[in-house]
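K.L.:
What follows is a single structure, and I will ask about it in a moment.
Every read-out reported here was derived from the displayed coordinates using simple, explicitly stated rules and does not represent laboratory data. Computed from a predicted structure; not experimentally measured. Quick reminder, even Gly has a Cβ in these numbers, built from the backbone with ideal geometry, and neighbours come from all protein chains shown.
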Amino acid sequence: MARRHIASILSTLALLGGAVIASPVVANSGGPAVDTSPEVSEITSLGPSAPLRQLARASQRATLPSNPRAVINRPIPQDRIDAVKNGGTWVPPVVPTDTGPAPGADMPAIDGSFEGLSNIAGYNPPDTVGDVGPNHYVQMTNVYMQIWNKSGTSLLGPIPNNTIWSGVGDCGTTNNGDPIVLHDQFADRWLVSQFSVSGAAYHECIAVSQTADPTGAWHRYQATFTDFPDYPKFGVWPDGYYVTYNMFDSDFAGAKTCALDRSKMLVGAPTTQVCFDRAEEWSQLPSDADGSTPPPAGSPNYILSEHWSANDKLTMYKFHVDWTTPGNSTYTGPIYLPVSPYTGACWLGTERGRCVPQPGTTQRLESLGGRTMFRLAYRNFGDHESLVTNHTVAMDGNVGLTSQTGIGWYEIRQPNAGTPQVYQDGVTADPDNSTFRWMGSIAMDKQGNTALGYSTSNATAGPNSFPSIRYIGRKVWDPMDQMAQAESVIMTGGGVQSSVDTTYSGRWGDYSAMNVDPVDDCTFWYTNEYVQSNNTGNAWRTRIANFKFPGCDGTKPSAPLSISGTPGNGSVGVSFAAATTVPDLPVWKYTVTASPGGATCSTTPGSDPDPLKCTVAGLTNGQAYTFTVKARNDAGDSVASAPSAPVTPVGPPGAPQSASATPGNTEASVVWSPPANDGGVAITKYTVTSAPGGASCTTAGTGCTVPGLTNGQAYTFSVVATNALGDGPPSASTAAVTPQSAAQTATVKTPKKIKSKGKTVLLKKSVKTNAGQKAKAKVTVKPKGKKYAKVTISKKGKVTIKTTGKKTLKVTLKLSAPATDTFTSYSFTKKWKVKK
């Protein structure tokens, strides 16, 4: 960040104009667009330096300015603020409930801590950054750097950052800041950078150490731009050093991402940069690889930022550089990653979100909401790849100055998949809504433990209220989306930062750095700024601290022994002998796994009454299982124990299947299929029961007849199987059936003639059905009409016919039973000539 005063750039920025011409893109069928037209340019090689320790002796400490000076970090463009403000409803983030892990919830203690650089040159903010190598820790700020051994003994410095470029180019004559330092663990080299503002020329000054010793000689380079390359952020990748910028002319001119030819820079050869511009993006971060395992061959670098038109996603690009034919390089995206809705901190604040309170003063500090914060840390775990990043969010979803700030953090897995996975999505905040957290940096160790460092401040006066440095984290097996290890303090501030000149007194950050030691790939190193005492001259100080989760490179427990099982009903109780472990890494979990099927149970020493016994449920009776046990301490899981002898869970049988019934005369025959599971023991009998009534039958087979039923009554039936361990559940009920006597044929004496006068009896009385009910009689006469005949049916079922005139009649008598009965209906039809 070039050294000049900033009043209120935010108020003068206009809507984004046409200053940047976006590169052509081509459609990528079924996926994001692919930009195939990079900007390729040479980087000026400034040649090798003398050893830095020699240059340092020749350099002189810069004269302190008479007035403190602010360092450029252009604020969020007004059009971006307007777009977000008008984009919809503000929402608070979802804060997971912290349940804490089983072994305790304390972050590991600080192993080492020492003072870093202070404000030697009077610039604000410090832009604190650092990294660790096998033997050194290198820190840079605006505008000085210093090198220590890992015990905190200074080996070189403080010296001006531009000492490395002494005597060559504008980079050697200007010292403008916005530094970055990274250790390239794949080559055991160091990369440093800062920008240079010299008249009309803008440069990014870059240097790569010639050896593993940062106090030695460096290869020096100078990249030149027509626009101002603000807020540069670098990442180490096998095929290049990647860097992102916010570009400015008179207004914001878009985001730029460049790849630098790492292989050439490591040997000091002339090199090239390949760049892509994105007018619609802001404050992108390149992925920076941690660990000894590089990304898979050919992996692109991942470029990540907040999304500007919605508050529920992040934006990713994939940058693939082709050094053989640089013009074939591609920039694929945007790829949108859905996350929990959030609101960027302090959108209505001035400058860079100036809303963080301090005790005893109205001076607020800048949150730098609206961007993902350095670094975008990448790690290849072998079975998966992860990226972690963070940003500052408003905890109540309010865009004003009073909204408490917290830190939203994310783990993104399988970034090169068709659809990268947001694997974790959490927020670190204070439940009392008073402490503000911001200026975060996050990383993961080789075990998958995560550490997040940040600044804190509180408006309420108290011993822990001043701007301070804290850290929090999660173990790899902690609950998802939670920093479950309790927050701890790296450095407690002793005062506030304030001044009558608000141009610089609210500046804070503009970033911090969480890195991982390449030696053990476990120890986290963090650096950030704090305020030692009340000051009006921007007397910031920095602190460097390291810590590690105790199990990261510890000894895992031995496998448990003597595994045995006792069968139960759908379960097996498993017992085992304790694992052995080192004293400072006690076992805090045992996990039992069944085979086949993989059903598990677990115990927790210290909270379970008998942690060496565990019941695995959900097993199939009659199926033989073996069981293995693993022990876990903070170093991880033991190997699995030797399997137990086979154990077969047993219990009552299951329910019989496919039961059906056939009615008879005062009985019903019921059949079924055996249960799918006999409980591991032979079935000895089946019992069939009727409803209603409870009549039953018992058999060893799969069918029996239930007697004693009432004809005409509807019944359903269920079946229960029984073995030596008891009764199983009843089957599903059969469909309803109704017992009845055999079908019968009615016998009716047909009259020989119908009287012409008086009544003729067609049926003397009712005919009963096989179920004991009366058959229904129906008589039809043709021709119709009472003038020919009149039919009468008495209550007892007597059917008579009386003729009323001379006519040949066709008379039909039908008998029918109710629908529930079986009855062969009777009918006859006869023609009679009515006689006188």
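K.L.:
Per 0.36 nm of contour for each residue apart, how much would the distance between residue 153 and residue 272 grow if the chain were fully extended, relative to their Cα-Cα spacing? Kindly include the intermediate steps, with their values, before the conclusion.
P.N.:
On the way: separation 119, 0.36 × 119 = 42.84 nm, distance 3.75 nm.
Residue separation times 0.36 nm, minus the Cα-Cα distance, leaves 39.1 nm.
K.L.:
Going by average Cβ neighbours within 10 Å, how do the peptides 523-533, 212-222, 193-203 rank, with the highest at the top? Display every interim value, and only then the final one.
P.N.:
Numbers: 523-533: 24.2, 212-222: 21.8, 193-203: 19.7.
The packing order, highest mean first, is 523-533, 212-222, 193-203.
K.L.:
Could I have the simple spin-label model distance between residue 118 and residue 36, label points 7 Å from Cα toward Cβ, reported in nm to one decimal?
P.N.:
Simple spin-label model gives 5.9 nm for this pair.
K.L.:
Longer than 31 Å from Cα to Cα, which of 765/787; 233/589; 685/768 are they? Say none if no pair is. List each step's numbers first, then the result.
P.N.:
Values: 765/787 26 Å; 233/589 42 Å; 685/768 41 Å.
As for pairs spanning more than 31 Å Cα to Cα, those are 233/589; 685/768.
K.L.:
How would you order 561-573, 644-656, 358-370 from highest to lowest mean count of nearby Cβ atoms within 10 Å? Kindly include the intermediate steps, with their values, before the conclusion.
P.N.:
Working: 561-573: 17.6, 644-656: 20.2, 358-370: 22.2.
Averaged packing, sorted descending, gives the order 358-370, 644-656, 561-573.
K.L.:
Just to confirm my numbers, what's the Cα centroid distance between the range 715-730 and the range 160-215 in Å?
P.N.:
83 Å
K.L.:
Modelled label-to-label distance, residue 433 and residue 263, 7 Å Cα→beta-carbon offset: nm?
P.N.:
That separation, rounded to one decimal, is 5.8 nm.
K.L.:
Return the tail of the calculated pair distribution for the range 123-235, meaning the percent of Cα-Cα pairs more than 25 Å apart.
P.N.:
More than 25 Å apart: 16 percent of the Cα pairs in the range 123-235.
K.L.:
Just to verify a number: FRET efficiency for residue 555 and residue 212, C-beta to C-beta distance, R0 = 30 Å, to 0.05? Write down the numbers at each step before the final one.
P.N.:
Values: r = 30 Å, r/R0 = 0.98.
Once rounded, the FRET efficiency stands at 0.50.
K.L.:
Follow-up question, since we're still on this one. Anything over 22 Å Cα to Cα? Flag those among 318/475; 752/795; 753/802, in the order listed.
P.N.:
Details: 318/475 29 Å; 752/795 24 Å; 753/802 12 Å.
From 318/475; 752/795; 753/802, over 22 Å: 318/475; 752/795.
K.L.:
Please give the length that would be gained between residue 520 and residue 413 if that part of the chain were fully extended, namely 0.36 nm times their separation in residues minus their C-alpha to C-alpha distance (nm, one decimal).
P.N.:
Working: separation 107, 0.36 × 107 = 38.52 nm, distance 2.32 nm.
Gain on stretching residue 520 to residue 413: 36.2 nm.
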